[in-house]
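Heads up: the structure comes next, in structure tokens.
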Amino acid sequence: MAELYKLSKYVLEELRENRIDKNTVVSLIKKFNEREDIAIIGMGMKYANTEKYGDYWELLRNKRTVVERCPKRRIDLIRGHFPGPVVGKEETYCKGSFIQDIEMFDPEVFSMTQEEAAVMNPGHRMMLQAVYRTLEDSGYLGEKNSDNRTGVFIGNNFTKDALFSYSYMALRNSGFNFSFDTMLNNWSSGIATKVANIFDLHGGAYMIDASCPSSTFAIANACQALRNRQCTTAIAGGLLVDMSPIKQYNNSGWIFLHEDDIITRGFDNDPGGAYIAEGAAAVMLKPLAQAIEDGDRIHGIICGHSINNNGANGSFTQSSPEDIKKVVLSAVKNAQVDINDVDYLEGEGYPGKVEEGLELSGLISGFSQLTDRKQFCGLGTISGNVGYLQSAIGVFNLIKVCLAMKHKIIPPQYRFIEPTDMVNLVKSPFYVSDYEKPWLAEDGKPRQSAIYSYGYGGNNLMLFLQEAPEVKEKGKGRKAEVFILSARSKASFTQRIRDMIDYLTDPENQENLTDICYTADVCRPTYRSYRLAVLCRSKEQLAQSLREYMKNEKAPMNMFVGTLKDESPEKKRKVRRQSVDGLTMEEVATTFCEGADYIFDELFDGVEKSMAELPQYPFDKKYCWLSNERFTLKKQLALMFGKQGKGMHHEKH
């Protein structure tokens with residue numbers, strides 16, 4: 001912004017000195033004030049029982065939910081740290097949306113031991129997995145990630161940790177002999193920097209705790225950092241993990257005080273209330289112009305946003321319609337959008353009747369000041385489908401809207417019956433999208449949408465988005481390629497091959513061989529332990545070669561396989577690649593399987609190529625959770641003082 005001010009000042013001085021004409025000045029000032037769009041080039045998530053945003057989209061469009069009673073095995077992970085009556089019966093467990101394998105993790109992929117992973121906060125682990133999926137989806141998990149200036153902006157709500165936390169479990173399990181490493185692995189402000197360290201990202205990295213809009217604030221901060229040239233790409237997202245999904249520990253919020261049989265219905269006359277939810281998600285961002293130049297796959301475009309606070313308008317826990325109106329108008333100006341082109345708005349998702357009424361009053365006032373049109377913009381929320389994700393809800397909303405624009409569908413609202421009577425929606429710009437319908441583009445204009453976020457304390461954030469530009473038709477590709485595949489473990493290696501066979505033989509798969517090999521070779525990471533390379537001339541030949549190998553693990557003539565000694569965690573994160581200049585494809589394939597790492601992008605110099613949607617890397621997850629053992633006071637004292645005093649002895653458990 002400072003540079004823009006200097007340029008504007010310089011142009012005006014030139015005009016005063018008659019060294020530049022007025023028309024040129026007007027053109028330059030307009031150019032200076034053009035919005036800089038931010039492209040969403042990668043998306044990743046982890047919630048309930050999936051890590052695929054395709055599953056998330058199917059959940060939303062089919063009006064399904066993952067809300068259920070917290071499983072007994074999840075409570076068993078923390079049972080020893082609570083009084084029996086608090087966790088004794090299933091009726092005492094919360095209902096909500098819970099990460100099903102929170103105790104499972106693939107430590108080797110993230111360059112750590114199983115023991116290190118076991119003492120790491122589960123939220124950290126979930127965020128690492130979500131970021132992995134984001135970088136994988138964007139194509140920047142492999143060699144394209146080198147020499148990066150990628151910032152990391154993560155939102156989280158740490159309030160529940162004040163009641164019960166994983167670090168408290170670690171403290172008790174160590175007999176109150178808390179190590180420095182354990183402290184670092186549970187350091188609340190260290191999630192973003194842990195992501196930067198594991199993935200070798202060199203932009204700034206920090207956490208944001210702004211209650212429910214935390215992840216939306218993270219996205220806004222990332223966009224601002226990109227526009228200010230503080231980084232060239234950015235990871236932005238959020239998470240929420242509830243370490244105590246027990247009713248007695250979740251009775252502080254009004255919307256959670258209800259019977260277990262209520263149904264969450266956003267913007268309904270009976271919104272019901274909310275169930276708690278867990279999840280982690282992230283997006284990868286880059287200035288649109290650069291993303292187009294780099295040939296990135298684009299999911300959507302962030303046009304602009306605005307943030308404000310209610311101040312003393314209303315109570316600490318309530319919205320202010322007047323300030324929501326102001327944030328709408330400010331965001332429209334910042335994003336330079338025509339409100340008449342905004343066909344869909346994703347709300348905060350807080351299913352309290354009064355709060356929804358205040359939110360809608362502000363949104364209606366803001367939109368109505370800019371248009372007289374009625375019921376042209378659909379409303380939706382995700383709380384009925386996945387629960388109320390609090391600090392992570394903003395990034396999940398963003399991904400939903402991107403998927404809706406991509407599929408050209410206005411998604412339906414879960415279990416909606418009748419609109420709220422807190423406002424008159426019929427005479428407003430909004431309607432509740434209660435069934436799936438085609439999202440039609442008017443006069444060839446790009447589809448546009450909005451996200452509104454709000455949180456306790458009065459923060460409001462409005463963000464406008466636009467659908468991705470049209471993708472040019474893919475070419476036919478080359479006739480000969482080298483395909484590489486690698487994994488950290490034998491189990492992941494075998495599963496990757498199976499997944500690739502299924503992918504290659506899928507009749508709906510229209511990707512060409514060159515794009516598949518480019519994505520596998522350049523856009524995915526290369527692991528040292530298990531390696532495979534195939535010389536191929538068609539997808540059919542590649543699939544057949546992989547099938548032959550899976551029969552008895554004997555490589556056909558066009559395939560090379562290598563099993564290599566693993567390296568230290570530091571070397572795992574830093575891959576030194578060499579040029580392929582002067583080597584044939586066969587020489588590259590054989591030496592790769594012997595341990596060489598190459599700049600595979602050189603194989604595709606001057607070749608028309610683009611990202612293909614390959615299967616995700618299959619994590620080889622292991623049990624990574626602290627012991628559920630409760631230490632007696634005598635044992636705690638003994639460990640604290642490093643010796644056994646008189647009468648002190650280790651009791652059996």
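The values are calculated or read from the model by the stated rules, or taken from the named source; none is laboratory data. This one's a predicted model, so the numbers in the text were calculated from it and none came from an experiment. Methodologically, a virtual Cβ is constructed for each residue, glycine included, from the backbone with ideal geometry; neighbour enumeration extends over all protein chains shown. All accessible areas refer to the heavy atoms of the entire protein, side chains included, with ligands and DNA or RNA removed. Shrake-Rupley method; radii C 1.70, N 1.55, O 1.52, S 1.80 Å.
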query = Among the trypsin sites (Lys or Arg not before Pro) within region 528-570, which fall in a DSSP loop and have no more than 11 other Cβ atoms within 10 Å of their own Cβ?
reply = 554, 565
note = From the Cα centre of region 403-435 to that of region 143-194, the distance in Å is 39
ask   = How much accessible surface area, in Å² rounded to 10, belongs to the heavy atoms of residue 202 with a 1.4 Å probe?
value = 110
query = Between residue 622 and residues 5 or more places away or on another chain, which pairs have amide H atoms under 5 Å apart, with H built 1.01 Å from N, and which residues are they?
reply = 105, 106
remark   = The answer for the chain, accessible area per residue at 1.4 Å probe in Å², is 43
query = Residues with amide H under 5 Å of residue 459's amide H, sequence separation 5 or more or different chain, H placed in the peptide plane at 1.01 Å from N; which?
reply = 310
remark   = In whole angstrom, the spacing between the Cα centers of region 436-505 and region 382-399 equals 19
Segment residue 490-residue 370, extension gain: residue separation times 0.36 nm, minus the distance between their alpha carbons = 37.2 nm
Cα→Cβ-extended label distance, 7 Å offset, between residue 309 and residue 34, nm = 3.6
Prolate/oblate/rounded call for region 396-471, Cα gyration tensor, a/c under 1.5 rounded = oblate
remark   = Counting only protein heavy atoms with a 1.4 Å probe and every protein chain in place, the carbon and sulfur fraction of the accessible surface of the chain in whole percent equals 51
query = Hey, if we sort 184, 141 by accessible area with the 1.4 Å probe, largest down, what's the order?
reply = 184, 141
remark   = Filtering chymotrypsin sites (Phe, Trp or Tyr not before Pro) in region 144-197 by DSSP loop and by at most 13 other Cβ atoms within 10 Å leaves 176
query = What FRET efficiency would be calculated for the residue pair residue 16, residue 229, taking the C-beta separation as r and a Förster radius of 25 Å, to the nearest 0.05?
reply = 0.30
note = Ranked output for segments 576-583, 70-77 by mean other Cβ atoms within 10 Å, highest leading, reads 70-77, 576-583
ask   = Antiparallel as a % of all DSSP beta bridges within the chain, to the nearest 5?
value = 70
note = Residue by residue through region 79-93, the couplings from Karplus 6.51 cos²θ - 1.76 cosθ + 1.60 with θ = phi - 60°, in Hz, x for Gly and Pro, are 3, x, 9, 10, x, x, x, 5, 10, x, 10, 4, 5, 7, 7
inquiry  = Under the 0.36 nm per residue contour assumption, what length would be gained going from the current alpha-carbon distance of residue 262 and residue 555 to full extension?
reply    = 99.8 nm
request  = Holding the Cα-Cα limit at 23 Å, pick out from 326/374; 63/400; 408/474; 89/622; 406/539 the pairs that are longer than that.
outcome  = 89/622; 406/539
query = Cα centroid distance between region 268-285 and region 78-132, in Å?
reply = 19
message = Rolling a 1.4 angstrom probe over the protein chains, ignoring ligands and nucleic acids, what is the accessible area of residue 540 in square angstrom, nearest 10?
response = 130
message = Please compute the length gained on full extension between residue 176 and residue 509, using 0.36 nm multiplied by the number of residues separating them and subtracting their Cα-Cα distance.
response = 114.3 nm
task = Check the straight Cα-Cα distances from residue 333 and name the aspartates and glutamates below 16 Å, setting aside those fewer than 8 residues away within the same chain.
result = 34, 36, 37, 323, 341
key: Structure-based [θ]222 nm, the chain - -39500 (n - 2.57) summed over DSSP H runs of at least 4, per residue, nearest 500   = -10000 deg cm²/dmol
ask   = Excluding ligands and nucleic acids, what accessible area in Å² is computed for residue 625 using a 1.4 Å probe, to the nearest 10?
value = 20
note = Between the modelled labels at residue 435 and residue 354 (7 Å from Cα along Cα→Cβ) the distance in nm is 3.6
inquiry  = Using Cα-Cα distances under 8 Å and only pairs 6 or more residues apart, what relative contact order does the chain have, in percent?
reply    = 18
Region 123-183 shape via C-alpha gyration tensor axes, a/c threshold 1.5 = prolate
note = Quick shape check on region 156-210: root eigenvalues a ≥ b ≥ c of the Cα gyration tensor, a/c under 1.5 is rounded, otherwise prolate if a/b tops b/c, else oblate, and it reads oblate
ask   = What pairs in 247/437; 52/609; 194/353; 52/427 have C-alpha atoms more than 30 Å from each other?
value = 247/437; 194/353; 52/427
key: Listed candidates (i) 54, 45, 24; (ii) 39, 37, 25; (iii) 128, 29, 19 - label of the one calculated as semi-axes √(5λ) of the Cα gyration tensor in Å   = (ii)
